[in-house]
Amino acid sequence: MKLARLTAAAGLLAVLLFAPGLRADTLDRAGLVQELCGDAGAMGRAGTALVATAASGSAEDRAFAAPLARAVIDRKLGCDDAGAVLDEGGLDAITRMPRAAAGTPRSPLLSLKNRPVFELADAAFALRGAPAVAQRAAALKTLERRPAQIPEGLLDTAAAAESDAGLKEQIDTLAQTAALNASDPAARIRAIGRVAENPSRRALTRIAALESDPAYAANPEFRAAVDAATARIERGIALGDTLATLYNGLSFASILFMAAIGLAIIFGLMGVINLAQGELIMIGAYVTWLVQQGLRVAAPALLDWYLVLAIPVAFLATAAIGIALEALLLRHLYKRPLMSLLATWAVSLFLVNIVRVVFGTQNMQFETPFYVSGGVPVIGDFIFTWNRMFAIAFAIVTLALTWGVVRKTPLGLNIRAVTQNRDMAACIGIPTRRIDMMAFGFGSGLAGLAGLALSPIYSVNPQMGQNFIIDSFMVVVLGGVGTIAGTVLAALGIGQINVLIEPLWGAVAAKVIVLLMIIAFLQWRPEGLFAVKGRRK
Amino acid sequence: MMRLGRNGPIVLLTGLILLVAVAMPALSGTSLEVSRYLANAIGQLAAFAVLAISLDLIWGYLGILSLGHGLFFAIGGYVFAMYLLKHSFVVTGTVPDFLQFMGWKDFPFYWAGFDFFPYAFTVAVLVTLLVSGIFGYVSFRSRVGGVYFAIITQALVYVAMLLMFRNDTGFGGNNGMTGFSVLFGWQMGTSGMITALAAGSLAVLALVLMLCRWLVGSRFGALMLATRDDEIRLQTLGYETLRLKLIVWCLSAVIAMVAGMLYVPQVGIINPRVLSPELSLEIAVWVAIGGRGHLVGAVIGALLVNAVKFWLSSAAPDIWPFILSGLIVLVVLVFPNGLMDLAKFRLTRPMGPKRMAEEIGEARP
């Protein structure tokens, strides 16, 4: 009993579901061709029928009707006594069987009023049926010119069938525009609500355009909907902009942190400012590039993972340079920190020029693996981009690594001991020279990692290190020597202040203000945010 | 510790400078005439030597390294360029390029009066004193010194460079200022003018050299050296080192500013590149190579390095950075007092690191 009722219900449901489809199937093919050969009024009716077919006809009907619309526009439809032929006497228009034209065929001419209708129909057919993306995109361009005439449902079905993501998005946008311009006020209000769901500057322009619509003055409901949508979109944009600023600030701070942390450790330990730190960053980026090129030759399947595979290589290469620098040069200069400035500058000059001679001055080309390309649109115009996320995540990992090494390893314990009191550390048997060398290597390796993290965001060339070096000095000066927490806070502060000021007064003003703030800050705390408790050198 | 009594080298050097200054105009017209290129190069070298003296005064005698002396050099250069442009405009009616480029009809208001040199000079001195005074006061008061001071001065000159790169500041933007045609009413670019500028620069160099020699030889100079060697002890003895440091710092800035004024009419252009941190670092390199703490050394270092640079930048521009970095490494590792170390060696014992350490007298770690 129960089963029978269920079956009946399912059958009824099926009938209800398929009924519209069945009804749309009934395209009167002969009548359509006859009207196409008729007078202007008949042709107009035929055009409307074509548009309807394009929107809701079955696949066969659309395949049948699409050539007709094109043929009328191109004047390739020949009306003769037996009906009509396509392609100047190739095929019969109704049966699509080869036949010769009976008598002299007459090509109907579209009136000015009917032409747009046929063009619309042609574009609608092309949007749903054309094989090439370019053809569908061209059809969409035609439709965009008359959003109000687009039949309901056409764009939704076309968007559902569309395989190209970019074009699909454009179709959706047009569908919204069409709905906004629909004749039914309730549909328009619904469309306004839907547009407001995804606030962006584009959505705002579209809604703002409605304020000059006659309905805005006439229909209070419409007006309220538009105003509410505008307010909602503006809120969304403001939120999105704030988030985007914070996000950019965070990614800039991550870069600053990675550039500065090695500098801070070295400065805290030995009182040496390494002016070649920016060049070590540059070397890190070039090593990453070399790893990419190596993978291209040796293992193309792993090419996408070059950013990950380059991590140990970049770290070890720059750490080796750092250790060599310490052992050959800086070892002799610890009592003369000002001379070590000049010596490390000489090294930076050397590195910049050797890279320039070997690789040239042009920007290096990097692959963009899938995990650093694109992003997720969040709200307003804020896009959560993966390349910046990569830098942020990388900085967090670097921070954890540095913290782990400094706090949890014997090397870190020794580094902290020597930083606090070199002579006393030496007295209790810590090999201070060895610690210096290891710490210098560690700090240089961190610079190399910074270069790696930079490579998906910034352009990589021999000069790139100089863009970061002064900012990262400021981080060290502000944060205080040799403290990880100070470096993190200072990097976050300088990064955020930079991006907050930049849109207001420009990048230069941001740098000026940051410098003035640091100088003022040093009046209050000359040793930076977190001064290490130890003897002043 | 340097011996204060020895005047031989400095008198010799000053005499030589003055001799060249007199000989260049005297020889013009004869068969021994100095070529325009050489005269111009000598004039520029003299400006650089003045710049080196200014840094040596603060670094060599007070132990404060500034990596931002390009800022004061640029103040002098920019003000002199403004004077030249305004003067040329008044005399010949030439509208400066940057005004046309920006589409401005008239000079910005702060250019008023710059065609009158004494006013321009006063402005340059006041701006230099203001910038160096405020910056020096806040830094020395909070005991910012050593590497910190060097880094912050470098940031200062870098920020100034970014500022001057902007086109809307009214100072020529990234193209800078050029097209000077008239100086003190005379046509620029003639042989006579080039020689006169070079001779004038040499004369100023000699004057600055003598002035600084007198300063460091005086009681004040002894206090400077005492501050450099042990500031805390000097303070304990009751001396106020803040004022002393500030005076020397401002004086050094003004000398650098004068060097900028000598430099601009001879190269015929000024742009924000003079504010790049590299130039300021290079000044320190000249002094280090010549021997800091010796006025003669600073002058010789500036002359030598820049002469090689002039020669190489036309002969083999790619090699110059490598030579410069090699020179710096050599100086900081082997000759901590620069060329002055060479002068001290008597070639009786073989030169080894041990003897070097002895003769240099600087404690090695």
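Coordinate-derived values only; no laboratory data. Please read all numbers here as calculations on a predicted model, not as lab measurements. Glycine gets a Cβ as well: all are built from the backbone with ideal geometry, and neighbour counts include every protein chain shown.
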- Message: Give the average over all directions of the projected area of the C-alpha convex hull of segment B:8-333, one decimal, in nm².
- Response: 17.8
- Message: Can you give me the C-alpha center-to-center distance between segment A:151-210 and segment B:46-94, rounded to a whole angstrom?
- Response: 63
- Query: In nanometres, what is the gap between the two model label sites at A:Cys427 and B:Leu207, each 7 Å from Cα along Cα-to-Cβ?
  - Reply: 5.7
- Query: Which ³J(HN,Hα) values, rounded to whole Hz and listed in residue order, are derived for segment A:507-519 from phi using the Karplus coefficients 6.51, -1.76 and 1.60 in 6.51 cos²θ - 1.76 cosθ + 1.60 with θ = phi - 60°, glycine and proline given as x?
  - Reply: 5, 5, 4, 4, 5, 4, 5, 4, 5, 4, 5, 5, 4
- Message: Restricting the calculation to Cα positions, tell me the Rg (one decimal) and the Dmax (whole number) of segment A:115-219 in Å.
- Response: 14.1, 44
- Task: Grab the DSSP H runs of the protein assembly as shown that are 4 residues or longer, score each as -39,500 (n - 2.57), total them, divide by all residues and round the 222 nm result to the nearest 500 deg cm²/dmol.
- Result: -23500 deg cm²/dmol
- Note on the structure: All alpha-carbon distances of the protein assembly as shown, grouped into 20 Å bins from 0, give the whole-percent distribution 12, 32, 25, 17, 11, 3, 0
- Message: Among B:Tyr37, B:Tyr158, B:Tyr61, which one shows the highest mean-square fluctuation when chain B is modelled as a Gaussian network with alpha-carbon springs under 10 Å?
- Response: B:Tyr37
- Message: Only four residue types carry charge here, +1 at the Cβ of Lys and Arg and -1 at the Cβ of Asp and Glu. Report the dipole size of chain A about the Cα centre in Debye, rounded to the nearest 20.
- Response: 2260
- Message: Can you give me the distance in nm between label points at A:Arg331 and B:Val267, each placed 7 Å from the Cα along the Cα-to-Cβ direction?
- Response: 4.0
- Item | 5 angstrom amide H check on B:Met188, placed H, neighbours 5+ away | B:Val182, B:Leu183
- Task: Please work out the FRET efficiency for the pair A:Glu211 and A:Lys113, using the Cβ-Cβ distance as r and a Förster radius of 45 Å; give the result to the nearest 0.05.
- Result: 0.90
- Starting from the amide H of A:Ala93, placed 1.01 Å from N in the peptide plane, find each other amide H under 5 Å away whose residue is 5 or more places distant or on another chain. A:Ala84, A:Val85, A:Leu86
- Task: Report relative contact order for chain B in percent, whole number only (criteria: Cα-Cα under 8 Å, sequence separation at least 6).
- Result: 32
- Query: Tell me, how many Å apart are the Cα centres for segment B:191-265 and for segment A:419-469?
  - Reply: 37
- Message: Give the list, by residue number, of cysteines in chain A with no other Cys Cβ closer than 4.7 Å, or say none.
- Response: A:Cys427
- Message: Please list, in order along segment A:331-344, the HN-Hα scalar couplings obtained from phi with the Karplus expression 6.51 cos²θ - 1.76 cosθ + 1.60 (θ = phi - 60°), rounded to whole Hz, x for Gly and Pro.
- Response: 3, 8, 10, 5, 7, 10, x, 5, 5, 5, 4, 5, 5, 5
- So which of A:Lys335/B:Lys245; A:Lys408/A:Lys511; A:Lys511/B:Lys245 end up more than 31 Å apart by C-alpha? A:Lys408/A:Lys511
- Query: For segment B:47-146, max minus min Cα coordinate along each principal axis, in Å, sorted largest first?
  - Reply: 49, 28, 25
- Note on the structure: Taking a crude spin-label model, label points 7 Å out from Cα along the C-beta direction, the B:Ala316 to B:Thr30 distance in nm is 3.6
- Note on the structure: Taking A:219-226, A:353-360 and ranking on average Cβ neighbours within 10 Å, highest first, one gets A:219-226, A:353-360
- Item | Volume of the Cα convex hull of segment A:18-228, divided per residue and given in Å³ | 138
- Calculated on alpha-carbon atoms, Rg and Dmax of chain A in Å: 35.0, 116
- Message: Per q in 0.18, 0.20, 0.22 Å⁻¹, report the Debye log10 I(q)/I(0) for segment A:169-302, using one uniform scatterer on each alpha carbon and no solvent.
- Response: -0.97, -1.10, -1.20
- For segment A:356-398 versus segment B:121-142, the gap between their alpha-carbon centres in whole angstrom: 43
- Query: Cα axis of helix A:465-479 to longest principal axis of chain A: angle in degrees, 0 to 90, nearest 10?
  - Reply: 60
- Message: Whole-Hz ³J(HN,Hα) for each residue in segment B:205-217, computed from phi via Karplus 6.51 cos²θ - 1.76 cosθ + 1.60 with θ = phi - 60°, x for glycine and proline: what do you get?
- Response: 4, 4, 5, 4, 4, 5, 4, 5, 4, 5, 5, 6, x
- Task: Calculate the tail of P(r) for segment B:3-109: the fraction of all Cα-Cα distances greater than 22 Å, expressed in %.
- Result: 59
- Query: Under a 5 Å amide H to amide H cut-off, with H placed in plane at 1.01 Å, what residues pair with A:Tyr458 once short-range neighbours are removed?
  - Reply: none
- Query: Quick one: net charge of B:Thr236's neighbours, Cβ under 14 Å, K/R +1, D/E -1?
  - Reply: -3
- Peptide-level mean, for A:348-354, of C-beta atoms on other protein chains within 10 Å: 5
- Folded to 0 to 90 degrees: helix B:219-229 orientation relative to chain B principal axis, Cα: 70
